[in-house]
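Novice: Right, I'll just put the structure down here and ask away after.
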Amino acid sequence: MKRIYLTIIALVITAMATSAFNTYMPVNPAAGVDGKVVYMTTLGSQGYGVKIYKNQKIKLLTDNGMFPRWSADGKKIACISTSIYGLDLQISIFDENGRSLKDVKTQFEPKEFAWFPKGKKLAVIESEKTRYGYIYHLAIYDINSGSRNELLVLDKGTYLKSIDVSSDGKRILFAQREANNPYFNTYVMDRKGKEILLLKEQAEVARFSQDGKQVVFVVSGYQTLRDIYVYDFKTEKTKLIGNGWGGKGGVCFSPDGKRILYSKIDMGPGVFYELNIETRATRKVLIPQQSKNNLTSNSFPDWYTAK
């Protein structure tokens with residue numbers, strides 16, 4: 001009798017898990033956006049997972065993933081996940097239905113990454129653990145062959161985060177914090193790692209627009225409270241579009257480049273907002289209908305046009 005009882009419990013748990021992956025949660029119509037969005041979400045004691053929003057609905061794609069990113073063609077999603085043995089981190093690639101396509105093993109622990117436009121390479125921030133601390137690397141990986149081309153190796157105590165690649169594949173964006181400095185600075189360099197330009201001081205979260213002509217970043221220095229800026233490469237001008245509005249939990253452009261999607265996690269669970277660049281109007285988005293309170297913390301969105 002006990003064996004039958006345990007079997008029933010196992011079947012119920014399995015059915016619940018399957019339901020969570022196969023069932024979309026409707027989103028309040030007023031909180032929808034055009035296109036498709038993938039993002040990171042907390043799963044309580046289980047860690048982090050990846051959800052997808054499309055067609056006014058949200059679905060859990062995987063219960064093992066962080067920092068999801070669309071490929072340029074919108075056919076693949078990649079995220080950082082735990083290996084099957086639960087010991088190492090890797091970059092996992094799957095389709096928008098959650099079907100696994102490939103795992104990319106990195107030389108050192110992957111922290112963040114970005115796709116190159118043709119979907120064949122990844123720019124990866126890695127962390128190497130040594131006896132005397134961590135050494136950060138920035139390298140380019142070929143997805144099919146696994147070959148690695150290292151662009152940057154930083155001194156111990158210097159940190160990297162927030163990487164992105166422009167739509168033409170010629171620029172790489174990243175944030176770097178020097179030893180004994182509490183703030184990150186955002187830089188842009190060529191894909192050979194030679195020409196490095198300081199884009200903005202005290203900026204720690206940054207992303208290219210989908211046409212590669214602009215950069216959105218979050219400034220969180222001593223005298224600022226998560227201010228959101230946009231830099232234009234053509235005019236070489238920086239525009240403040242949001243004062244103290246968050247963004248530490250990730251920012252990205254809408255497919256048309258007119259809006260910013262960001263997660264505000266400073267004062268509790270991460271909540272998504274859409275910010276109009278021109279009018280600076282904001283609205284809360286991606287809220288499931290049956291959720292009056294935000295019980296999970298959502299962050300690091302990536303927005304792709306609907307097709």
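Novice: Across the range 193-222, what is the number of residues that are at pLDDT 85 or above and not hydrophobic (A, V, I, L, M, F, W, C)? If you could, list the steps in order and put the result at the bottom.
Specialist: Residues of the range 193-222 at pLDDT 85 or above: 196-203, 205-219.
Keeping just the survivors that are not hydrophobic (A, V, I, L, M, F, W, C) gives 200-202, 207, 209-214.
Number of matching residues: 10.
Novice: Could you tell me how many of the residues in the range 94-138 are more than 18 Å from the chain's Cα centre (by Cα) and closer than 16 Å to Met189 by Cβ?
Specialist: Number satisfying all stated conditions: 2.
Novice: Picking from Val153, Val205, which residue would you name as being in contact (Cβ under 8 Å) with a residue 12 or more places away in the chain, within 28 Å of Ser81 (Cβ to Cβ) and buried (at least 16 other Cβ atoms within 10 Å of the Cβ)? Before the answer, list the steps.
Specialist: Values: Val153 fails: buried (at least 16 other Cβ atoms within 10 Å of the Cβ).
Being in contact (Cβ under 8 Å) with a residue 12 or more places away in the chain, within 28 Å of Ser81 (Cβ to Cβ) and buried (at least 16 other Cβ atoms within 10 Å of the Cβ) holds for just one of Val153, Val205, which is Val205.
Novice: Considering only residues that are more than 20 Å from the chain's Cα centre (by Cα) and basic (Lys, Arg), look in the range 260-307 and name the one that is modelled with the lowest pLDDT.
Specialist: Lys292
Novice: Of the conditions (1) surrounded by 19 or more Cβ atoms within 10 Å (Cβ to Cβ); (2) on the phi > 0 side of the Ramachandran plot, Ala175 clears all except one; give me its number.
Specialist: (2)
Novice: I've got another one for you. Give Gly212, Gly193 a once-over and let me know the one that is more than 25 Å from Leu240 (Cβ to Cβ), of a type in the set (Gly, Ala, Ser) and not in a strand (DSSP E or B). Full working, then the answer.
Specialist: Values: Gly212 fails: more than 25 Å from Leu240 (Cβ to Cβ).
Checking each option against the conditions leaves just Gly193.
Novice: Over 29 Å from Phe94 (Cβ atoms) and either touching a helix residue (DSSP H, G or I) at 6+ places or on another chain (Cβ under 7 Å) or in a strand (DSSP E or B) (or both), is that true of Leu151?
Specialist: Details: over 29 Å from Phe94 (Cβ atoms): no; either touching a helix residue (DSSP H, G or I) at 6+ places or on another chain (Cβ under 7 Å) or in a strand (DSSP E or B) (or both): yes.
Here the answer is no, as Leu151 does not meet what is asked.
Novice: Still on this model: What's the number of the only condition in (1) in contact (Cβ under 8 Å) with a residue 24 or more places away in the chain; (2) assigned to a strand (DSSP E or B) that Gln107 fails to meet?
Specialist: (2)
Rundown of residues vs (1) touching a residue at least 40 places away in the same chain (Cβ under 8 Å); (2) surrounded by fewer than 16 Cβ atoms within 10 Å (Cβ to Cβ); (3) more than 20 Å from Leu138 (Cα to Cα); (4) more than 17 Å from the chain's Cα centre (by Cα), yes/no style:
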residue: Asp164; (1), (2), (3), (4): yes, no, no, no
residue: Asp168; (1), (2), (3), (4): yes, yes, no, yes
residue: Arg171; (1), (2), (3), (4): yes, no, no, yes
residue: Ala179; (1), (2), (3), (4): no, yes, no, yes
residue: Asn185; (1), (2), (3), (4): no, no, no, yes
residue: Met189; (1), (2), (3), (4): no, no, no, yes
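Novice: Within the range 94-103, does at least one residue satisfy the condition of being within 21 Å of Ser166 (Cα to Cα) and either of a type outside the set (Ser, Thr, Tyr) or outside any loop (DSSP other than H, G, I, E, B) (or both)?
Specialist: no
Novice: Now, a different point. Quick check on this structure: which one of Lys161, Lys118 is within 20 Å of Phe67 (Cα to Cα), assigned to a strand (DSSP E or B) and basic (Lys, Arg)? Reasoning before the result, please.
Specialist: Numbers: Lys118 fails: assigned to a strand (DSSP E or B).
Residue meeting the stated conditions: Lys161.
Novice: Then there's this: Any residue at all in the range 250-258 that's under 26 Å from Ile125 (Cβ atoms), out of contact with any Asp or Glu (no Cβ under 7 Å at 6 or more places or on another chain) and at pLDDT below 90?
Specialist: Filtering the range 250-258 for residues under 26 Å from Ile125 (Cβ atoms) gives 250-255, 257.
Now narrow it down to the ones that are out of contact with any Asp or Glu (no Cβ under 7 Å at 6 or more places or on another chain): 250-251, 253-255.
Now restrict to residues that are at pLDDT below 90: 250.
Yes, some residue in the range 250-258 is under 26 Å from Ile125 (Cβ atoms), out of contact with any Asp or Glu (no Cβ under 7 Å at 6 or more places or on another chain) and at pLDDT below 90.
The values are calculated or read from the model by the stated rules, or taken from the named source; none is laboratory data. Computed from a predicted model, the values in this text were never measured in an experiment. We place every Cβ from the backbone using ideal geometry, glycine too, and count neighbours over all the protein chains shown.
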